[in-house]
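The values are calculated or read from the model by the stated rules, or taken from the named source; none is laboratory data. Fair warning: this is a prediction, and the values are worked out from it, not measured in the lab. Cβ: placed from backbone, ideal geometry, glycine included. Neighbour counts: every protein chain shown. When the accessible area is computed, the model is the full protein with side chains, heavy atoms only, and any ligands, DNA or RNA have been set aside. Shrake-Rupley method; radii C 1.70, N 1.55, O 1.52, S 1.80 Å.
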Amino acid sequence: MRNLNYTSILDGMMFMISDGRGDILPSAELPTGLFAFDMRVLSTWDLTVNGERLTALSVDDLQYFESRYFLVPGEPTHYVDANLSVIRQRSVGGGLFLEQLTVLNHQEVPVDLRIRLDIGTDFADITEIADVQKKGKLSVAVEDGTLHLLYQRDNQRREVVVCSSADAAIDDHGMTFEIQVGPHDAWNTTFQVVLWSRGAEGRDIREAVPTYDTPAKVEMGKALDEWLADAPTLTCDSASLDQAYRRSLTDLAALRFRGNTRGEMIFAAGLPWLMGNFGRDAVITCLQALPFAPQLTPGVLHTLADAQGSRLDDFAEEEPGKILQEFRYGERAGYEEIAACPYYGGADTTPLFVVLLDEYERWTGDADLVRELEFHARLALDWIDAYGDIMGDGYIWYACRNERLGVRNQGWKDSADAISYSDGRLPVGPRATCELQGYAYDAKRRGARLARRFWDDAAYADRLDREAAELKRRFNQEFWIPDGRYYALGMDADGNLIDACASNMGHLLWSGIADRDKARHVVDHLMSRRLFSGWGIRTLAEGDGRYSPVGYHNGTIWPFDNSLIALGMRRYGFDEEAAKVAGAMIEAAQFFDGRLPGAFTGYDRALTKYPVQFPAACSPHAWSAGAVLMFLRSMLGLDPKGEHLIVRPHLPRDIGRIELLDIPGRWGLVDAFGRGH
Amino acid sequence: MSATTEAFFAGLDERAPRIPPTIDGTVRFDVRYRDHTEQWLLRFAAGGVQAERSGADADCVAVIDGPLFERLLRGEDRLSAAFVRYAITIEGDFTKVPAFEWLLPDTVGARHPRQLAEGWGRSR
């Protein structure tokens, strides 16, 4: 989280957000606490020395899973007593939270201290953090020198066990240490927090998961080093790009977790709100990362194929062949108080699944995976026509079938007011947004290539190619607004165009569905002052009815959105514009310490001089980390052609030299160089 | 012997659900009732499945209460949600768990998305 008052550590499904002293106290701004699989494991973790809170001198983010706080007793407004210092070093990993507490006495004389750690939890689900209402029973027990925080609902039993290596006086609300520290001496203890989840059989559910392991910190550090070493090496003049590249690779490593069914690594979409398997986010992040970390893709495709829809289900919005949008592991998901276990309410995930499979093969030459997933890819392609085409007119539409808990808008802009007419009205009934048609076109074209090359089915390939060509022809006729010279955001159920001017049309360049003669106008709109803020392309054009610079999908700037658009611009030969978007984003990254958030605000660059943060955005955010990788790809003009990697650099003017060494793929390892012009 | 379960497995051949041909192996359900346990063994191979009452070893064993199992078979509940709320215990090869989901019927009252198109000008 980029909020200087808070710090966070993360390992896959487990994370902790605390204040700058390392304490967990209630916060209205952020979901403070230690969380695992969407459940709050600690909501109080509050350290005092002789009844006083501590003041932070510094905080080190050692690794994404480890941080260290240097503290002294006393409130910052008081005189700071430098005779004592306190160090808290903590980590998450392998289902464990560890904190080593060290107290140093800098005096010539011994000192008597009362160290107190208040400990507690409300077992809140991350999705109910604003209004926690537990249906089960909470209790506390002190047993065998350990503190047990318990939650029971039906057969489900969660138990947080907290222990300390040094002897403590333990009560229901925490641990107390009455200690004496000698002159120039130190005292320390290590706290360990583990969450046990027990089911019907009274066993830890994770015992049943064969891939469960507890990597030590050292091993996690080693795994991170290997991950970074496996990625291409970047050398460049731009400090901002260098920082953003390293940060992005590390953030992707941090968000990885082991999927339940196969034990392959997949990743969470974003901290803290999107800690689960999100189909759209995962597929797009894999696409962004292909030139850098293609090994991410098979795990994601396998996991999504395993959970591919097989039947009709209104609650889950499932249909045969559909790829899931969301899978969460928390209590409310399991009890279906939210629709997330899994939830299929996304109309884009299914075609994007096919796009990723094909793109992965183009980079890696891994034909085995294409053959292995043939059944699933065909079923996904079938879905487009059998279930996506609600109106029977050849387009992909969506309409929410879970009126109570479902998502009304089922593309990436999924907030309730994200799809609007230019006068601000909201459509009712089924709708077909423009980018979905691009994805369907791309999926069919790529499906045809796979069918011809790997599935030995030329007739099917011909059919898909024909359908794609027909879709492109009709789309360019029916979605184009001749007066405004742009593609409508979508079409409503009566066949009227939803005529807002939005970033969605940029995806049409990425998918290749836009006619060449129309692309020029699309790019002009995207780079106009109404859409381009100077830092990036806004989700919605200034002047449209619903536009606001802080509108979540109605004016803010999403780095991932921009990364697909920049790549699309290069596809159509708008190299200068693509470089301008990429350059602005890389510049913006330095204001976020190299970590592009999910979204930032759409204020004009001339107004603010820096990109203004959007408060509710996730950070780190998988597809924003991936965006930096995709900007590198678009700047260097990387594209596989047969067994070779084409490099066609076109860099932003001021970025200087970029060298990317050891780009993995079917060609082995290849280097790419470019220089700002 | 549960009539729902019996009918479900007896009708498998006729319903011929689509099953990924890559799924290969066995799953056993130990279905618990108050006074007895019914064991069902499923063999997946080459896009097909065979079911029989058997307590033989399997790649994956799921222990589940009878009423919940019957709700799953009738399309009244969801397997993965039941797993996440700890209502099912699964041991062994987890890849076999989603295999079973290909056999389950539409949920009760589920609509085809095209039903939502009715009445709109665009629908054909």
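Laid out as a table, the results:
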quantity	calculated
In segment A:523-571, chymotrypsin sites (Phe, Trp or Tyr not before Pro) in a DSSP loop with at most 10 other beta-carbon atoms within 10 Å	none
For segment A:566-633, average projected area of the Cα convex hull in nm²	4.7 nm²
Kirkwood Rh in Å, taken over segment A:633-675 so that all alpha-carbon pairs contribute	10.6 Å
Cα-only Debye scattering, segment A:386-490: base-10 log of I(q)/I(0) at q = 0.14 Å⁻¹	-0.65
Point-charge dipole on Cβ atoms (K/R +1, D/E -1) for segment A:382-444, about Cα centre, debye to 20	240 debye
Amide H contacts of A:Leu62 (H built 1.01 Å from N, under 5 Å, at least 5 apart or other chain)	A:Ser67, A:Arg68
Antiparallel DSSP beta bridges within the protein assembly as shown, as percent of all bridges there, nearest 5	95 percent
Theoretical FRET efficiency, 1/(1+(r/R0)^6), r = Cβ-Cβ of A:Arg466 and A:Ala239, R0 45 Å, to 0.05	0.35
Cα-projected label distance for A:Asp167 with A:Ser58, points at 7 Å along beta-carbon direction, nm	3.6 nm
Amide proton proximity set for A:Ser422, modelled H, under 5 Å, gap of 5+	A:Asp499, A:Ala500
Percent of Cα-Cα distances greater than 35 Å, calculated over chain A	44 percent
Helix-only [θ]222 nm of chain A, DSSP H runs n ≥ 4, -39500 (n - 2.57) each, per residue, nearest 500	-9000 deg cm²/dmol
At most 14 other Cβ within 10 Å, DSSP loop - GluC sites (Glu not before Pro), segment A:357-408	A:Glu403
Positive-end residue, chain A charge dipole about Cα centroid, Cβ charges, pick of A:Ser43, A:Gly74, A:Gln437	A:Gln437
Where labels lie 7 Å past Cα in the beta-carbon direction, separation of A:Asp457 and A:Trp273 in nm	3.9 nm
Solution diffusion estimate, µm²/s, Stokes-Einstein, segment A:31-106, Kirkwood Rh from C-alpha pairs, 20 °C, viscosity 1.002 mPa s	156 µm²/s
Rg(Cα)/(2.2 N^0.38 Å) for segment A:353-418, N = residue count	1.43
³J(HN,Hα) computed for each position of segment A:613-627 - Karplus, 6.51 cos²θ - 1.76 cosθ + 1.60, integer Hz, glycine/proline x	5, 9, x, 8, 5, 6, 7, x, 9, 4, 7, 7, 4, x, 4
Using θ = phi - 60° and Karplus 6.51 cos²θ - 1.76 cosθ + 1.60, couplings along segment B:13-26 (whole Hz; Gly, Pro as x)	4, 5, 6, 6, x, 6, 10, x, x, 7, 7, 9, x, 10
Under-5 Å amide H pairs with A:Ser619, H placed in peptide plane, nonlocal only	A:Leu271
Nearest-20 debye value, chain B charge dipole, Cβ charges on Lys, Arg, Asp, Glu	700 debye
Solvent-accessible surface ranking, highest first, for A:Leu62, A:Leu252 at 1.4 angstrom	A:Leu62, A:Leu252
Loop GluC sites (Glu not before Pro), segment A:93-199 (other Cβ atoms within 10 Å of the site Cβ: 12 or fewer; DSSP)	A:Glu108
Per residue accessible area of the protein assembly as shown, 1.4 Å probe, in Å²	36 Å²
Accessible surface ranking that places the most exposed of A:Thr608, A:Thr556 first, with a 1.4 angstrom probe	A:Thr608, A:Thr556
Cα Rg, Dmax (largest Cα-Cα span) when computed across segment A:323-452, Å	16.2, 50
Binned Cα-Cα distance frequencies in chain B - 10 Å width, integer %	12, 41, 30, 10, 6, 1
Cα Rg, Dmax, segment A:401-445, angstrom units	12.2, 36
Accessible area of the protein assembly as shown belonging to carbon and sulfur atoms, whole % at 1.4 Å probe	48 percent
Accessible area buried, both sides summed, chains B and A with 1.4 Å probe, Å²	4500 Å²
Longest to shortest principal axis, alpha-carbon extents of segment A:208-363, angstrom	53, 36, 26
Simple label model, 7 Å out from Cα along Cβ direction - A:Ala82 to A:Arg485, nm	6.7 nm
Contact order relative to length of chain B, as percent, for alpha carbon pairs under 8 angstrom and 6 or more apart	23 percent
Diffusion coefficient, µm² s⁻¹, Stokes-Einstein with Kirkwood Rh over alpha-carbon pairs of segment A:550-677 at 37 °C and 0.692 mPa s	215 µm²/s
Semi-axis lengths (Å, descending) of the ellipsoid that matches the C-alpha gyration tensor of segment A:63-140	33, 17, 14
Given 11 as the ceiling on other Cβ atoms within 10 Å, longest exposed-site-free region of chain A for trypsin sites (Lys or Arg not before Pro) in DSSP loops	A:136-403
J(HN,Hα) series, segment A:475-482, from Karplus relation 6.51 cos²θ - 1.76 cosθ + 1.60, nearest Hz, glycine and proline x	4, 5, 7, 8, 9, 7, 9, x
